1. I'd like to know which of P3, A53, L19 lies farthest towards the positive end of the charge dipole of the chain, counting +1 on Cβ of Lys and Arg and -1 on Cβ of Asp and Glu.
2. Evaluate the relative contact order of the chain (contact order divided by residue number), counting alpha-carbon pairs under 8 angstrom at least 6 apart; express in whole percent.
3. Suppose we keep just the DSSP beta bridges with both residues in the chain; what percent of those would be antiparallel, to 5?
4. Along the charge dipole of the chain, pointing to its positive end and built from +1/-1 on Cβ of Lys, Arg, Asp and Glu, which listed residue (A86, G105, G147) has its Cα farthest out?
5. Can you list the HN-Hα couplings for segment 92-104, worked out from phi with the Karplus curve (6.51, -1.76, 1.60; θ = phi - 60°), rounded to whole Hz and with x for Gly and Pro?
6. With Cβ to Cβ distances under 12 Å as the rule, what net charge do the other residues near V121 carry (K, R +1; D, E -1)?
7. Amide H of V18 versus every other amide H placed in the peptide plane: which residues, excluding those fewer than 5 positions away on the same chain, fall under 5 Å?
8. Pop out the ³J(HN,Hα) list for segment 135-147 in order, Karplus 6.51 cos²θ - 1.76 cosθ + 1.60 with θ = phi - 60°, rounded to Hz; leave Gly and Pro as x.
Amino acid sequence: MQPSLIREAIATAARAVVLPAGINKLTTSGYVPDSVLAPHFFVGEYEQVYDRAMARGLDELTFTCRLLVSRTDDRSAQKVLDDMLAGSGPASLKAAIEVARGAPGDYALGGLAHDLHVMRVQGYRWYEHAGSTYVGAELMIKVIGEG
């Protein structure tokens, strides 16, 4: 698996979310950006476990992705964040990203991996990024594929 290609594919899948009227469209990147235009989703750090199956048969990557939302109004910003962290619905990042799993029996992320799973949300808090403060959270995404 090529982590840089997978990072970009996850960011592309996240763009499918549909935010409520009046909210800026979600911007995304497959890397940690210098600055963001909120709301923004990006693929940050990752951990890689080699050799989950013998002879380089399977590797496992766990990506820490961040979602940052403008805090112009604390309450409305957290509502938008909550909508995107929901397990389902038009604004759900989990639902949008997991569409990239493909049909049963297909490879995920357009053939880049065997499968992926948005596992959990963590770190719901205030984040400072490039000198600005945002309300945000992290999504942990596991991707498995050939080593």
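1. L19
2. Reported as a whole number, the value is 25 percent.
3. Restricted to the chain, the bridges split so that about 90 percent are antiparallel.
4. Checked the options; the winner is A86.
5. 6, 5, 4, 5, 5, 5, 6, 4, 5, 5, x, 6, x
6. Summing Lys and Arg as +1 and Asp and Glu as -1 gives +2.
7. The list, which skips near neighbours in sequence, is A91, S92.
8. 8, x, 7, 10, 10, 9, 10, 9, 10, 10, x, 4, x
Since every read-out is calculated from the coordinates, none of them should be taken as a lab result. From a predicted model like this one, the values you see are computed outputs, not experimental measurements. Reconstructed Cβ throughout: ideal geometry from the backbone, glycine too, with neighbour counts over all protein chains shown.
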